[in-house]
Structure formats: C-alpha cells, structure tokens
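Below: the structure, in structure tokens.
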Amino acid sequence: MCLGIPGEIVEILPGHTDLAKVDVSGVRRAINVGLLENERLQPGDWILIHVGFALSKIDEEEARAALDFLEGIGQAYDDELAALRGSSIDRG
Amino acid sequence: MRFVDEYRDAEKARALSAKIASLCEPGRAYKFMEVCGGHTHTIYKHGLEDYLPETITLVHGPGCPVCVIPMGRVDDAIHIAERPGVVMTSFGDMMRVPGGRGSFFDSMAQGAEIRMVYSPLDALKVARQNPDKHVVFMAIGFETTAPSTAMTVLRAAAEEIGNFSIFCNHVTIIPAIKAILDSPDLRLDGFIGPGHVSTIIGCRPYEFIARDYGKPLVVAGFEPLDILQSIYMLLVQLAEGRSQIENQYARVVPWAGNLKALKAINEVMELRPYFEWRGLGFISHSALKVRERYAAFDAERIFEIPGSRVADPKACQCGEVLKGVLKPWECKVFGTACTPETPIGTCMVSSEGACAAYYNFGRFSRERVREATR
C-alpha cells in the first residue's frame with residue numbers, strides 16, 4: 001500500500017465530480033480525485049495514485065519514468081496492481 | 001551489477017557517483033538516513049551502495065508504516081475483528097503482521113471475517129453492501145495515507161452510513177525524525193527526506209531539522225538517480241557548510257504540500273497525546289485519532305479496546321533496525337528464524353521493510369562482504 005503509482009485519466013465519471021476512471025498499466029479503475037480539485041483534471045492528464053486517491057498531478061514524462069521504474073521493481077508493483085484490480089470504488 | 005545492466009541512466013549514475021566521490025572530504029565518514037521505506041527498497045533493489053564511496057553509510061529510517069505498528073495494536077485490531085457481526089478490512093500489507101496473538105491471517109483462520117481492500121473507499125463500499133454488519137477499516141500509514149482515510153470518513157458522514165468506522169493508527173513523520181535526532185545512539189550527517197509524505201505535508205515541516213539540529217535534508221524521488229542526486233545535494237550542502245531543506249523531487253512535491261489533504265486530515269483527526277511505535281517506544285504527539293465530532297466513525301469509541309501492550313519477542317531487533325542502529329543482517333534472527341514467509345518482526349513483513357528489502361534482493365551489504373572476506 002505504500003507505493004504511489006502513476007495513472008492516466010481516461011474519463012471524469014459523469015455525476016461524480018470526485019471520481020475519474022484511470023488507466024494504470026492497463027488496469028482501469030475509478031479513483032478519487034477530490035484532493036486535486038483545483039487542478040481542473042481532464043482525460044489525458046497523469047496523476048500519482050495512492051490507495052484509491054490521486055495525491056498529485058504529474059507530467060507525462062514523470063509518469064512514464066515512474067512506470068518504467070515501478071515495472072522494474074517486480075513483486076511490490078505486481079502486488080499493488082493485483083490490489084487495484086480488486087478495487088471497485090463506485091462512489092466518491 | 002544489476003543497476004549497470006538494467007538501468008537506462010547508468011551513464012548518469014556513474015557520473016553522479018564520481019561527483020559524489022569528489023565531494024567527500026578525505027578521512028571523513030558520512031552517515032545519511034533515508035527516512036522512507038520506499039527509498040530503502042530502491043537502494044537495495046538497485047545496489048546503490050555500490051555507487052557510493054565506502055565512507056558514506058546509508059542508514060534506514062522508521063518510514064515504513066507497517067513496520068512501526070506495535071504488536072499491541074495488532075492484538076487490539078484482532079480483538080475488534082473477533083466481535084460478533086464485525087467485518088475488519090485492511091490493506092494487504094497488514095495481513096501477515098504478527099501481534100502477540102498472531103496475525104490477521106491467523107485470526108481469519110479462526111473464523112474472524114477480515115477482508116483485504118485496496119482503498120478505504122472499498123472498505124466503505126463493503127459497509128454499504130453489508131448493512132447488517134459493522135465494517136471497520138484498519139487505518140495505517142503516514143501523512144501519505146491519512147488524507148484518504150479522512151476523505152472516506154467525510155464521505156461516510158455525508159452519506160450517514162451507520163455501520164462503518166476506522167481503527168485509527170495513523171502516525172506522523174516529524175515526531176519520529178525528532179526522536180531519532182534526539183537519540184544518543186546515532187549520529188547522522190543528513191537526511192534523504194520522504195517523497196510521497198512530502199506531497200502532502202510539503203517541505204516546511206522539516207525546517208526545524210536544519211534550524212535546530214543543523215542537519216540538511218533533501219526530499220527525494222524514488223528512482224535510483226533521484227537518490228544519488230539527493231546524496232550529491234546533501235554533500236554539496238555539507239561541503240559549503242550549509243544545512244537547509246531542499247527539494248530534489250519538485251516535479252511531484254509542491255513546497256507547500258497539498259492543502260486540501262491537510263484540511264481533510266485536520267477536519268477528521270487530531271493529534272494523540274502520545275502513541276507507541278515499534279522500536280521507538282512512546283513518542284509524544286506522533287499519531288492521529290478521530291475527533292469527537294466524528295465519534296460515530298471511531299472504532300475506539302464504538303468498541304471496548306483492551307489497549308494491549310506486548311513486548312517485542314526477545315530475539316527480534318526490529319527496534320534497533322528501525323532506529324538505524326543495526327543493519328538488518330546484524331539481527332540475530334535475520335534470514336534464519338525470521339523470513340518474509342514466517343516473519344517475527346515487522347521489518348521482514350512489508351516489502352518496504354529494511355529486512356525484507358535485504359532478504360528479497362539477496363544483497364549482502366558491503367560491510368558483510370568485507371567481514372566475510374577478511
């Protein structure tokens with residue numbers, strides 16, 4: 001749970017101003033973006049995610065470098081993705 | 001060496017390594033603490049010590065949230081989980097952490113209902129789906145994680161969910177750093193500051209370290225180059241006789257932190273007078289509890305909590321490892337009685353724990369290699 005993982009916003013979920021569908025290494029899940037309410041997030045933006053919440057907006061270059069790094073660390077990232085796959089947040 | 005073969009920026013790493021070596025004063029030994037478990041993970045995964053002169057020692061700090069939970073709090077959580085009609089929810093990392101009476105996994109085997117969740121919002125969903133049960137979320141973590149718990153409590157309050165509470169074990173990083181600075185066991189020359197915690201708290205809370213203790217701190221990212229760059233920045237400060245707080249990870253960490261997150265924490269939680277940390281003992285104002293106005297979501301008010309106090313197993317030296325006094329392999333049970341499969345101490349449980357990082361990457365520290373070849 002300790003990892004911050006980058007994800008790309010696919011869509012802001014209609015009717016839920018705090019929720020966005022986010023793609024993390026091919027896993028798409030709803031993430032709460034309420035902590036970044038001043039960032040005017042849009043599809044295509046990258047965010048750093050921790051336990052279902054976006055902590056900060058990051059640029060694509062940073063996101064790609066962080067993903068390369070995480071994909072290289074092996075088990076800890078696999079475990080995080082497995083946990084994310086089990087997530088089904090549907091309300092903020 | 002894995003790092004040289006695999007890492008895309010090996011050239012840059014070698015260049016940094018040379019610059020680091022050139023800044024070290026002959027005859028002077030340097031000790032830097034990396035506070036965050038994520039940094040410990042990177043250092044051992046990539047063998048970063050091999051890129052540093054032998055006069056630089058990296059010391060692991062207390063920044064692994066799973067590692068600092070004392071056994072008594074695990075027992076208290078299991079006590080709650082065993083109440084009739086309770087569903088305990090927890091991050092996967094907590095499941096194998098041993099208390100005095102076993103772990104969450106052991107408790108599940110004996111019939112308690114404990115579910116792994118990715119997010120506190122998933123725990124809240126379990127509560128919505130099980131109105132006849134009371135769902136408790138085992139809330140752990142530093143300021144990185146506390147906003148998520150706080151936002152979830154705010155959501156539960158807005159929806160007036162009556163069967164959800166948190167068992168709050170959130171801790172704060174600053175008092176732990178202060179405890180280490182005040183400890184007579186360890187003399188440090190500077191800190192590699194935590195990255196993700198700082199996205200929330202920003203850089204200002206560290207200023208006392210430079211001002212009152214005269215030590216530099218550089219907030220660092222998690223990639224190998226980030227850590228080498230941060231060590232370089234620490235050495236530049238020392239060479240110039242400065243001690244300041246600097247931000248190597250500015251591409252992610254804003255100097256002022258995340259105000260919305262800080263407000264959410266402050267709305268839902270307040271500081272406890274004191275809290276027990278594994279290895280560091282009781283530290284004043286070092287943890288968070290739920291405020292009175294959110295009492296309906298506070299498992300400590302809803303359930304009778306035994307307040308268990310359990311001494312760590314005698315053989316376990318997690319305390320010394322967490323304070324940076326011992327290297328993991330210097331612990332008597334490291335890799336023999338204590339392994340990631342059958343951990344005795346918390347440092348072996350989490351992949352962020354110093355012992356698990358050493359164990360999983362099969363990397364002997366250079367001190368040990370020196371000892372073995374002597």
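Descriptive notes on the structure:
- The range B:3-155, dipole about Cα centre (Lys/Arg Cβ +1, Asp/Glu Cβ -1), debye to the nearest 20: 400
- Between 0 and 90°, nearest 10: helix B:224-239 axis offset from chain B longest Cα axis: 60
- Distance distribution note for the range B:231-354: the fraction of Cα pairs above 18 angstrom is 72%.
- Globularity index of the range B:114-210, i.e. its alpha-carbon radius of gyration over 2.2 N^0.38 Å: 1.40
- Charge tally around B:T55: other residues with Cβ under 9 Å, Lys/Arg +1 each, Asp/Glu -1 each, net -1.
- Using alpha-carbon coordinates, inclination of helix A:60-73 to the longest axis of chain A, degrees: 40
- DSSP-loop GluC sites (Glu not before Pro) across the range B:253-355, with at most 14 other Cβ within 10 angstrom: B:E304, B:E341
- For the range B:21-167: relative contact order, % (alpha-carbon pairs under 8 angstrom, 6 or more apart): 19
- Against the empirical curve 2.2 N^0.38 Å, the C-alpha radius of gyration of chain B lands at a ratio of 1.01.
- Virtual spin-label span in nm between A:N38 and B:K260, 7 Å along Cα→Cβ: 1.0
- Averaged over peptide A:80-91, the number of partner chain Cβ atoms lying within 10 Å of each residue's Cβ comes to 5.
- Degrees, to the nearest 10: B:173-182 long Cα axis against longest axis of chain B: 50
- Listed residues B:G38, B:G99, B:W255: farthest to the positive end of the dipole of the protein assembly as shown (Cβ charges): B:G99
- log10 of Debye I(q)/I(0), alpha-carbon scatterers only, for the protein assembly as shown at 0.07 Å⁻¹: -0.33
- Summing Cβ point charges (Lys, Arg +1; Asp, Glu -1) relative to the Cα centre of chain A gives a dipole of roughly 360 debye.
- All Cα-Cα distances of chain A, cut into 10 Å bins from zero to the largest, leave 18, 56, 24, 2 percent in each bin in turn.
- Converting the Cα gyration tensor eigenvalues of the range B:56-185 into ellipsoid dimensions via √(5λ) gives semi-axes, longest first, of 29, 19, 11 Å.
- Pairs exceeding 26 Å between alpha-carbon atoms, taken from B:K125/B:K263; B:K125/B:K260; B:K263/B:K289: there are none.
- Chain B, relative contact order in percent, only Cα pairs under 8 angstrom and at least six apart counted: 21
- In a DSSP loop and with at most 15 other Cβ atoms within 10 Å, the GluC sites (Glu not before Pro) in the range B:151-259 are B:E159, B:E160, B:E240.
- Low-density loop cleavage sites - trypsin sites (Lys or Arg not before Pro) in the range B:106-187, where at most 12 other Cβ are within 10 Å (DSSP): B:R187
Throughout, read-outs are computed from the coordinates displayed, never taken from laboratory work. Bear in mind the structure is a predicted one, so any value in this text is a computation, not a measurement. Positions of Cβ are generated from backbone atoms using ideal geometry, with glycine treated the same way; all protein chains shown enter the neighbour counts.
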